Amino acid sequence: MSGPHVAVVGGGLAGISAALACADAGATVTVVEVRPRLGGAVYSFRRDDLWLDNGQHVFLRCCTAYRSLLARLGSERDTILQPRLEIPVLSPGGEVSWLRRSRAPAPLHLGAALARYRPLSRRQRAAAARAALALSRVQPADPALDRGTFGEWLAQHGQAPETVAALWDLIALPTLNLRAGEASAALGAFVFQEGLLRHADAGDIGWARAPLSAVHGWPAERTLQEAGVEVRLGWRAQRVAATRGRLEVEAANGGGLDADAVIVAVPHQRVAGLLPDGAIPAPERLAALGTSPIVNLHVVYDRRVTDLPFAAGVRSPVQYLFDRTPRAGLGDGQYLAVSLSGAVREMGMSGEELRARYVPAVAELLPRARGAHVERFVVTREHAATFRAAPGVAALRPGPRTAVPGLVLAGAWTDTGWPATMEGAVRSGHAAAREALAGAGERATAAVEVAG
């Protein structure tokens, strides 16, 4: 007897992971994706003679599910993973401080880095160490913790606003896509515990050294086909209909796809419109997850302005900058990408306004940029890059199971315990695959009982 047929709606990291897991379990799998490519929110595009990525996606050593996916896709060779955590932190005037871990066990591995961290005074460093120790003891799953902001928790533990801006937001902002003052204390605690406080090597940083599509979408299409998965690109799902013993994914053009199980792996803004009535309670709650934007500034200089592969900024509007020169295909000069998370204000600024604000800000951090000519300045905007990781978000994130056997949800916005990261997306795909295969069995049993 052949395995069940599983349809996966959405070809992002969650859908790719779910499809591979189902195929590995013996299912017949079809992936449908409205875009002409796989990869979802992690992709590249050509602009003139350069490859540009839509965002600066990094990962940590603790992102084990995502790293396993890279291995499955054969993409590990196209990434870099630091042997030890090392973040250069730039201040106006060109001063460089370093956040490096030592070889000591956690949480002592960060003690020396914090003691030498020049953006903070000696008293602020001591207070930060005490707060980190207290943070290591909280329970991120405590519902009470999710009712307040991470900034409020930090203030209650002696962290001044300038300390939050110069230290805590360096990690909170890129991982939660919100500043500590806006983000859930529960998710803030999870990020610091999982990434920095439990294991000494957990926070070592990795990034792609090839265009993001070359690391994710293109090898995923090949790997899925090798696993026997049918991939249909440019296929828009309109709705999932449930009948006795079967599910059907209805297409916008009037076609359809019958399946024993369906995994809906699309952004949370689209989910309610796809599901049959009664599949999830109060589907309007998904809208309450909200969105948080990310803006990226792509700046091409006529010469090299830094030798750092990436750096954070403090006392500057620049949050993080990345050297994208080699993977973009640039010959002469240097291409830096400035990543701005939680970028509500920047979403409303024109390209000219962003250039006027950020080109001088980069020059304040990188002295060599002051005499360099900006040859190109490109802005990319992701207005709904992630869900909004604000207080109360835990109660809004559904698990993979719906009220319809075999119909399950996947995506970084589901209840993975992780914030909206590539790791969370992959983990959600694995959870969805388990539920889909179990649900397909339930539907098959129900169909036999009805027929009998």
- Mind checking which residues of region 81-132 are assigned to a helix (DSSP H, G or I), surrounded by 13 or more Cβ atoms within 10 Å (Cβ to Cβ) and among the hydrophobic types (A, V, I, L, M, F, W, C)? Leu110, Ala112, Ala113, Leu114, Ala126, Ala127, Ala128, Ala129, Ala131, Ala132
- Every pair of residues 6+ apart whose Cβ atoms lie under 9 Å, when the first sits in region 187-198 and is surrounded by 23 or more Cβ atoms within 10 Å (Cβ to Cβ) and polar (S, T, N, Q) while the second is assigned to a helix (DSSP H, G or I) and modelled with pLDDT of 95 or more: none
- Query: Name the residues in region 380-403 that are surrounded by fewer than 19 Cβ atoms within 10 Å (Cβ to Cβ) and of a type in the set (A, V, I, L, M), would you?
  - Reply: Ala384, Ala395, Ala403
- Having 2 or more residues that are β-branched (Val, Ile, Thr) and either in contact with an Asp or Glu (Cβ under 7 Å, 6 or more places away or on another chain) or at pLDDT 95 or above (or both) is the bar; report the strands (runs of 3 or more DSSP E) wholly within region 314-395 that clear it. 374-386
- Task: Can you tell me which residue among Glu152, Glu221, Glu226 is without any contact (Cβ under 8 Å) to a residue 40 or more places away in the chain, under 30 Å from Phe45 (Cα atoms) and not hydrophobic (A, V, I, L, M, F, W, C)?
- Result: Glu226
- Within region 360-387, how many residues turn out to be within 18 Å of Pro317 (Cβ to Cβ) and in contact with a Phe, Trp or Tyr (Cβ under 8 Å, 6 or more places away or on another chain)? 2
- Message: So, Gly228, is that one over 26 Å from the mean Cα position of the chain (by Cα) and within 30 Å of Val6 (Cα to Cα) or not?
- Response: yes
- Test each condition in (1) touching a Lys or Arg at 6+ places or on another chain (Cβ under 6 Å); (2) among the polar types (S, T, N, Q); (3) more than 23 Å from Asn54 (Cβ to Cβ) for Thr402 and report the one that comes out false. (1)
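Conditions tested, residue by residue: (1) at positive phi; (2) modelled with pLDDT of 95 or more; (3) more than 27 Å from the chain's Cα centre (by Cα).
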site	(1), (2), (3)
Pro88	no, yes, no
Arg100	no, yes, no
Ala113	no, no, no
Ala127	no, yes, yes
Ser136	no, yes, no
Gly151	no, yes, no
- When (1) in the same structural domain as Arg130 (by TED's automatic domain parsing); (2) closer than 27 Å to Ser316 by Cα are applied to Asn54, the one that fails is (1)
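The values are calculated or read from the model by the stated rules, or taken from the named source; none is laboratory data. What you see is a predicted model; the values in this text were computed from it and never measured. Don't worry about glycine lacking a Cβ; one is built from the backbone with ideal geometry, like all the others, and counts go over all protein chains shown.
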